Amino acid sequence: MLAIKQLRVEFGARVIFDDLSFTILEKERISFACHNGAGKSTLMKCIGGALEPNAGQIIKPKHCRIGYLPQEGIHISGVTLWDETESAFAEAKALQSEIDTLSNKLDDMDPRAPEYYDVLDKIGGLEIQLEHFDPSRMKPKIESTLTGLGFKRSDFERDCSEFSGGWQMRIAMAKLFLQEPEVLLLDEPTNHLDIDSQQWMEQYLFAYPGAIIIISHDLSLLDALTKRTIAFAHGKAEEYSGNYSYYLTESKARKEIKIKAYHAQQKEIQKQKAFIERFRAKASKATQAQSRIKALDKIELIQVEIEDAVMSFTFPKPPPSGQSVAKLENASQSYGKTEIFEGFNFEVEKGARIAIVGPNGAGKSTFCRLITGQEAPDSGDFTLGSKSAISFFSQNHADELDPDLSVMETCEMVASRENAPLVRNILGCFLFRGDDVFKKIGVLSGGERSRVALVRMLIQPANFLILDEPTNHLDVQSQKVLQTALSEYPGSYLIVSHNRSFLDPIVTRTLEFRPEAEPRLYHGNVTYFLDKKAEEKDIEKQAAKRARANEREKAKKAAATSSVAAPDTKLSRKDQRKLDAEARQQRSSVLKPLETELETLEKGIAEIESAQATMTEHMSTPEVSTDGAKMQEASTAYQALSDKLEKTYSRWTEVSDKIEKFNEEFKE
């Protein structure tokens with residue numbers, strides 16, 4: 001489907017790729033792996049057409065469309081959210097416009113003329129192309145995609161310029177998903193998503209009809225979605241026929257085999273060199289010595305990559321804290337007409353390990369500022385423990401760094417005396433290696449500045465940490481280093497993140513922020529929280545089902561007891577009974593089929609919801625959630641159920657409205 005042939009990419013004297021070749025097959029699920037800076041994003045830009053390689057080819061069929069979602073840098077303005085996402089169907093709209101134009105042209109043509117049938121044939125061909133887009137499903141698809149990614153219906157008519165950078169990326173993602181290109185390129189797609197939107201995206205990707213190439217540091221997503229991993233190092237690609245966990249295991253085994261072969265080769269080379277040195281001066285052995293010299297020259301030497309040292313760090317020893325670290329009492333906060341929360345009570349106790357989750361705009365960042373005293377609540381009280389020492393990492397802190405200082409200087413100026421000698425080692429843990437530590441802050445990318453801000457925060461002695469999306473710009477190794485350090489940290493911490501594989505082993509509670517509702521604390525990690533939410537959603541569905549049944553019963557009773565207009569006193573009793581009978585018969589002939597259909601629809605809704613609940617339970621089992629093939633198969637089935645449920649709900653609404661309208665007219 002797609003072939004990368006002898007690709008070469010270089011920036012100045014630095015060669016990123018040289019003679020890189022591999023293929024991508026139809027409907028494949030591939031992850032690009034390796035440490036940051038190895039060229040994953042650069043290669044994705046080349047495939048997506050955003051960057052021209054210095055040499056080589058990217059070969060694709062004419063019909064193959066490639067859709068690329070970068071990590072950041074998308075800014076849309078001057079168009080509403082709905083219009084921007086609807087433009088994903090520009091091709092379908094163009095087809096419909098051409099069909100309409102040709103149809104109007106037919107009105108002025110002679111049906112007996114040959115040209116008439118030529119136009120008819122052309123219209124038929126265009127309609128076949130249009131069927132691919134299924135025009136009747138365009139609006140529901142746009143709605144479900146936007147709401148799935150966290151947009152509210154009230155956002156649909158807002159100008160895109162009103163949305164922040166993270167939401168702009170969601171707009172681009174929605175449009176890309178609706179276009180359904182044959183190859184989908186995603187560079188860290190979860191960075192700007194909350195947990196609910198990430199779950200929706202995962203289900204969408206599992207059922208996606210095209211090929212997917214993804215760069216992500218979310219290990220649970222990679223393991224569930226991908227079936228092939230391409231790792232990059234030193235400008236070359238190495239392929240692994242499995243997900244990310246398979247790649248980690250297999251790459252380690254390959255390296256061990258290679259090291260053994262390297263040592264065996266070196267041993268043999270030394271043996272041959274010893275023979276040559278011993279006998280090259282002897283006439284009787286000179287021929288053999290020369291032969292072995294030639295053989296050595298022809299040997300293809302095995303190259304062993306120099307591994308980065310496995311680095312780790314520990315937090316500076318925190319000062320002891322009191323039992324109460326920080327407390328909010330009856331706190332309320334709002335911005336203009338937007339109320340974040342009201343009368344909120346929360347206490348962080350010594351040793352707390354809390355994940356903070358929820359959709360963007362629900363109050364997570366506001367809570368972090370309040371619980372650290374950076375911002376005072378509109379009403380209520382904030383109390384910081386007498387011995388509490390706070391260290392706060394926010395994405396905004398990266399913008400506050402001095403651009404004229406080096407990475408090393410920036411971190412050394414806040415390090416404790418004990419930690420000062422370890423600053424360079426700690427920077428290495430977070431991808432600043434070699435001369436990288438002497439770069440000026442002003443020349444760093446946004447992600448690099450964010451990592452510097454994170455290191456600054458980590459090396460300051462504190463007993464209360466607040467980390468706002470700390471893993472967004474970390475590779476897998478750096479995430480593991482941070483995760484291990486946090487697991488051994490004796491203080492308290494709050495972490496705002498959606499990275500379940502990072503959070504689950506190190507948090508014991510989950511605080512959920514919800515729009516237009518009070519925050520809620522779950523006594524378990526993020527997986528526990530998601531399981532509880534699924535249970536609650538199932539209960540809500542059952543309640544909704546009972547409510548629909550009650551509404552139907554009310555409609556039946558109302559229909560049965562509704563009376564015809566007061567009888568005309570001029571009519572005889574016999575004539576009045578005849579009129580009443582005719583009215584009842586007329587009403588029954590219209591209403592009964594609708595009520596029968598409504599009952600059938602409600603039964604169908606209950607069956608689909610039950611099937612979804614069973615499928616959700618099936619997908620959460622270890623044998624499915626850890627098997628990419630089984631997970632994709634289950635997700636495809638779940639998506640089919642969701643589509644069917646959406647159509648059934650839509651019809652249920654139509655029939656219910658008809659029944660209600662008919663009953664009102666009958667009463668009149």
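What follows is calculated from the coordinates using simple rules that are stated; it is not laboratory data. Being a predicted model, the structure only gives us computed values, none of them experimental. Methodologically, a virtual Cβ is constructed for each residue, glycine included, from the backbone with ideal geometry; neighbour enumeration extends over all protein chains shown.
For the residue pairs 60/255; 271/294; 93/175; 60/236; 27/139, the C-alpha atoms sit more than 23 angstrom apart in 60/255; 27/139. Label sites at residue 112 and residue 516, each approximated as a point 7 angstrom past Cα along Cα to Cβ, lie 6.6 nm apart. Taking packing as the residue-averaged number of other Cβ atoms within 10 angstrom, the listed peptides 643-652, 58-67, 213-222 run from highest to lowest as 213-222, 643-652, 58-67. Cross-link reach is defined here as a Cα-Cα straight distance under 17 Å, omitting same-chain residues fewer than 8 places apart; for residue 387 the aspartates and glutamates meeting it are 347, 349.
Applying 1/(1 + (r/R0)^6) with r as the Cβ-Cβ distance of residue 1 and residue 164 and R0 = 35 angstrom yields a FRET efficiency of 0.45. Set Lys and Arg Cβ to +1 and Asp and Glu Cβ to -1, take the dipole of the stretch 267-368 about its Cα centre, and tell me which of 368, 269, 324 lies farthest positive. Value: 269. Between the residues 403, 315, 359, the greatest Cα displacement towards the positive end of the dipole of the chain, with unit charges on the Cβ of Lys, Arg, Asp and Glu, is found for 315.
For residue 26 and residue 379, what does the FRET efficiency come to when R0 = 56 Å and r is the distance between their Cβ atoms, rounded to the nearest 0.05?
Working: r = 59 Å, r/R0 = 1.06.
The value I calculate is 0.40.
In the chain, the calculated helix contribution to ellipticity at 222 nm averages -16000 deg cm²/dmol per residue, counting -39,500 (n - 2.57) for every DSSP H run with n ≥ 4.
Length gained on full extension, residue 87 to residue 639, computed as 0.36 nm times the residue gap minus the Cα-Cα distance: 196.3 nm. When the alpha carbon gyration tensor of the chain is reduced to an equivalent ellipsoid, the three semi-axes, largest first, read 58, 38, 23 Å. A cut-off of 5 Å between modelled amide H atoms, ignoring neighbours fewer than 5 places along the same chain, links residue 351 with 492.
Taking Cα centre as origin and charging only the Cβ of basic (Lys, Arg, +1) and acidic (Asp, Glu, -1) residues, the dipole magnitude of the chain rounds to 2580 debye.
Working out 0.36 nm times the residue gap between residue 540 and residue 658, then minus their Cα-Cα distance, what length gain in nm do you get to one decimal?
Numbers: separation 118, 0.36 × 118 = 42.48 nm, distance 2.57 nm.
Contour length minus Cα-Cα distance gives 39.9 nm.
Once both labels are positioned 7 Å from their Cα atoms along Cα-to-Cβ, the gap between residue 623 and residue 143 label points is 3.9 nm. Label positions at residue 404 and residue 324, each projected 7 Å from the Cα along the C-beta direction, are separated by 4.5 nm.
Can you list the GluC sites (Glu not before Pro) in the stretch 510-558 that are in a DSSP coil and have 13 or fewer other beta carbons within 10 angstrom? Let's see the in-between values first.
Working: sites: 512, 516, 535, 536, 540, 551, 553; in loops: 516.
When the GluC sites (Glu not before Pro) of the stretch 510-558 are filtered for loop state and at most 13 Cβ neighbours within 10 Å, 516 remain.
Can you tell me the FRET efficiency between residue 480 and residue 298 if r is taken as the Cβ-Cβ distance and R0 is 35 Å, rounded to the nearest 0.05? Don't jump to the answer; show the numbers that get you there.
Details: r = 42 Å, r/R0 = 1.21.
Once the sixth-power term is evaluated, E becomes 0.25.
The gain in end-to-end length when the residue 339 to residue 433 segment is fully stretched comes to 29.3 nm, 0.36 nm per residue minus the alpha carbon separation.
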